[in-house]
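The values are calculated or read from the model by the stated rules, or taken from the named source; none is laboratory data. As the structure is a computational prediction, the values presented were derived from the model and not from experiment. Please note: Cβ atoms are built from the backbone with ideal geometry, for glycine as well, and neighbour counts cover all protein chains shown. Side chains included, ligands, DNA and RNA excluded: accessible areas come from the protein's heavy atoms. Shrake-Rupley method; radii C 1.70, N 1.55, O 1.52, S 1.80 Å.
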Amino acid sequence: RRSRRGVEPQRLPAAGWTAYDPTLPPVGEGTIHKATFTVKEAQQEVAPGVTQQVWTFNGTVPGTTLHGRVGDTFEITLVNDGSMGHGIDFHAGALAPDEPMRTIQPGESLTYRFTATKAGVWMYHCSTMPMSLHIANGMYGAVVIDPPDLPPVDQEYLLVQGEQYYGPAGAPGNADKIAARTPDAVVFNGYPNQYDRTPLTAKAGQRVRIWVLDAGPNESLAFHVVGAQFDSVWKEGGWLLRCGQAPGQASGACTKPGIGGSQTLDLLASQGGFVELSPPAAGHYSVVNHEMTLAERGAHGVLAVTG
Amino acid sequence: RRSRRGVEPQRLPAAGWTAYDPTLPPVGEGTIHKATFTVKEAQQEVAPGVTQQVWTFNGTVPGTTLHGRVGDTFEITLVNDGSMGHGIDFHAGALAPDEPMRTIQPGESLTYRFTATKAGVWMYHCSTMPMSLHIANGMYGAVVIDPPDLPPVDQEYLLVQGEQYYGPAGAPGNADKIAARTPDAVVFNGYPNQYDRTPLTAKAGQRVRIWVLDAGPNESLAFHVVGAQFDSVWKEGGWLLRCGQAPGQASGACTKPGIGGSQTLDLLASQGGFVELSPPAAGHYSVVNHEMTLAERGAHGVLAVTG
Amino acid sequence: RRSRRGVEPQRLPAAGWTAYDPTLPPVGEGTIHKATFTVKEAQQEVAPGVTQQVWTFNGTVPGTTLHGRVGDTFEITLVNDGSMGHGIDFHAGALAPDEPMRTIQPGESLTYRFTATKAGVWMYHCSTMPMSLHIANGMYGAVVIDPPDLPPVDQEYLLVQGEQYYGPAGAPGNADKIAARTPDAVVFNGYPNQYDRTPLTAKAGQRVRIWVLDAGPNESLAFHVVGAQFDSVWKEGGWLLRCGQAPGQASGACTKPGIGGSQTLDLLASQGGFVELSPPAAGHYSVVNHEMTLAERGAHGVLAVTG
Ligand SMILES: [Cu+2]
Ligand SMILES: [Cu+2]
Ligand SMILES: [Cu+2]
Ligand SMILES: [Cu+2]
Ligand SMILES: [Cu+2]
Ligand SMILES: [Cu+2]
Ligand code: NA
Ligand code: NA
Ligand code: NA
Ligand code: NA
Ligand code: NA
Ligand code: NA
Ligand SMILES: [Zn+2]
Ligand SMILES: [Zn+2]
Ligand SMILES: [Zn+2]
Ligand SMILES: [Zn+2]
Ligand SMILES: [Zn+2]
Ligand SMILES: [Zn+2]
Ligand SMILES: [Zn+2]
Ligand SMILES: [Zn+2]
Ligand SMILES: [Zn+2]
């Protein structure tokens, strides 16, 4: 009988398992970005030794990351190759939900067009009821819209927190556990503890930006990096803390820091932001949800820093 | 046997049911506002098919909303027409709690006088132990104190999140469920999903302000409007984001927006704020606690926008 | 059989019990601060009638508070006088975790040197797995680094929220309850309701600063003072609200307040900040986590104000 907690950190993923790439993909060319989001339902190993039916946008959990600039337009073709109704809701664009967010049946498609007029890390997710189950089963992802004056950094990552509620082997999750808010695992980018095995990387003294989105469906996120302090923090459209760095001055320590630093960014479900840090020396900096029970249930990874 | 979740969205309220008016009432005349708050204990349909004994200020859940300006004085006569001790605590005024917040017995009354020296949306609630039960059973509400330079908007609403923990039919809630933090329903303005039936309304392009208070007693609130983005957000006494709009320039889109936008305002129990948005086109914009299990337990409504 | 909730407010502590001093200790002399942190495992009364084996830094829960200025260096000798491995993680300093945060065995010691380059209230905690248990059992505390321009106040306190998960009498807690996130008690400075018995104190009209840290391991904190309003709030490295007071102007009301006030500061596990308030008159101002079930489980105290 599988334990209620589900995550067994000592157990290994199946042969051939690969981590979800945590690198933020570059901004696409031009100002109009087209993409196809194909809904796929598939058996996947969602944690070491645990196979479930996941529901995905384009086969991965989280789904494809979109990255653009303020003012860019995105034209997404949603194709339902699944066995039940699904839809999509992009927080990144303001529009009347009725048509673009409607549920489409297997074999159908729709075009969802939005202009990203505001910067931030915006959640997208399946818009079909019960949304808690469609999100928990893998139907979520991020749209990153850079603020116009965002300085370049040496390393730029994206971590999306999700939750896993296991049903029997091969099943599409467990709605009772969702209703009880007792996740078996809490994960960054779809798989518990994956960046303990294949860490995020940086060099000592480099400037690192980590975009963070809490996709829920339920839990909060107290985002912390062991051994690091955040000199710049952005949350939901504004700076909470900002290093006085000039644009283009990417590497090394923050030259005009504010007086304070942040140890932890707090997000509730569907919120996002980013933190910036500069690891001072080579070593292993854990990246955690500092709600410790959730870290121990898989919301844990490592930033491996070389000299 | 009633399910643990309690909320059955397909079930209808009893005939004659009316929604709690979500419109923020206007500021009263003058600078001294007098009101009587009568404690009433009564049987009410708190959700479709669920009748409980609610404890109220003036017969509604939430109780009477007060709305004033910085510097206004409120003189509240609290009358206990119930069967047990009750009291009141207004966060909107700073004062020594001992006398004004004391518990009064059935048949007694007291006068609670406070001056609102600071802007915000302030919780009030019964001050009698166990407060978790008195709040869960309906004894909470809001005092809205406008910041002096707050621009007018086209539509101004107030949503107060509460929680329901059902006992047997007609009972005053269930203290064990409160202690276990397993609400049967989470609600805006006292009734699950009520604004799915009688939506908030606006016209496309109008500017809408929604004041939000999380009355708890326990849960957090990730306040989101599907299809909309917040260009202005105020939380606990300060702006998190502010549209560069000149005072008096009420309608339409934000003309000097900041670079960022907010998808979700995070509140813990007893916190409040407001968000501003401008729905771009006609349609149905859901208003939710984006902690999805709580949305599905009733923290859901609709903003219906006409062209 | 002990009830799940554990806290019985009417029960008295054992004879000889003394409260944890909530006063923030003064900044030490000089810019280099040396301290020994000795890990001790001991039987303690953690709540009235409840004795557990606690694991501590220097014998108290929370452990020794450190207080310094931006730029100060701390040199901590960690000595493990316990019966199992322990370590320490100071959020107050940025450094590679590998060596200083390593687990040391009974009888071993290590020196942990960090420079506090950023202001804030920084958590420290045992770095040994399972961290949720080591933290819940008492291995946490605070490092307060003053912002350079922080005005003096009349009373300055520190409250650290912790959680208790009881095992059998004398046992070191209960890991299953931690995993289930069902704390028996939630406490300020290590003991439920202790400041109901030995309140924080102030005089009417004085300016009071309360530093607050949420040590978790899991719960959030909606920090509120009944009868008071916060005119200044600092959280995670920045001001959320700031009274326009000139440095040195310590007593009395905020002379150039912002337009807004805050009723509640929201912290997730591992976050910290401070609030400032000026109680207007003599009386008893409760200090609570406004998540009411947690207040009723011990996250409650009193600020006793004399005329
Ligand atoms: Cu779906
Ligand atoms: Cu930590
Ligand atoms: Cu009452
Ligand atoms: Cu959403
Ligand atoms: Cu330890
Ligand atoms: Cu209160
Ligand atoms: Na929870
Ligand atoms: Na750290
Ligand atoms: Na927050
Ligand atoms: Na909770
Ligand atoms: Na939206
Ligand atoms: Na208060
Ligand atoms: Zn970018
Ligand atoms: Zn740490
Ligand atoms: Zn790990
Ligand atoms: Zn108003
Ligand atoms: Zn949405
Ligand atoms: Zn609904
Ligand atoms: Zn100090
Ligand atoms: Zn209060
Ligand atoms: Zn108490």
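Remarks
- Placing B:Leu66, C:Leu240 in order of accessible area, with the largest value first and a 1.4 Å probe, yields C:Leu240, B:Leu66.
- The fraction of all Cα pairs in chain B landing in successive 20 Å bins from 0 to the largest distance is 35, 58, 8, given as whole percents.
- When A:Gly307 is represented by a point 7 angstrom out along its Cα-to-C-beta vector, the spacings to that point in the other copies are 6.9, 6.9 nm, nearest first.
- Calculated FRET efficiency for the pair B:Ala42/A:Arg113, C-beta based, R₀ 51 Å, to 0.05: 0.50
- Simple spin-label estimate for C:Thr18 and B:Thr31 in nanometres, 7 Å along Cα-Cβ: 5.1
- Quotient of Cα Rg and 2.2 N^0.38 Å for region C:155-306, N being how many residues it contains: 1.09
- C-alpha center-to-center spacing [region A:104-136, region B:10-36] in angstrom: 35
- Inter-chain Cβ neighbour count for C:276-285, averaged per residue, equals 4 (cutoff 10 Å, partner chain atoms only).
- Accessible surface, 1.4 Å probe, highest first, among residues C:Lys177, B:Lys40: B:Lys40, C:Lys177
- Counting only the Cα atoms, the protein assembly as shown fills a convex hull of 163 Å³ per residue.
- Peptide A:290-302 has a mean of 6 when you count, residue by residue, the C-beta atoms of other protein chains within 10 Å of its C-beta.
- Within 10 Å of each Cβ in B:14-22, the average number of Cβ atoms from other chains: 0
- Note that region C:160-172 has calculated 3J(HN,Hα) couplings of 10, 7, x, 10, 10, 10, 7, x, x, 3, x, 7, x Hz, one per residue in order, obtained from phi through the Karplus relation 6.51 cos²θ - 1.76 cosθ + 1.60 (θ = phi - 60°); glycine and proline are x.
- Multiplying each eigenvalue of the alpha-carbon gyration tensor of region A:32-146 by 5 and taking the square root yields semi-axes of 24, 16, 12 Å, largest first, rounded to whole angstroms.
- Rounded to the nearest 10 square angstrom, C:Trp239 shows an accessible area of 70 square angstrom against a 1.4 Å probe.
- For region C:153-218, the Cα gyration tensor yields ellipsoid semi-axes of 31, 13, 7 Å (square root of five times each eigenvalue, largest first, whole Å).
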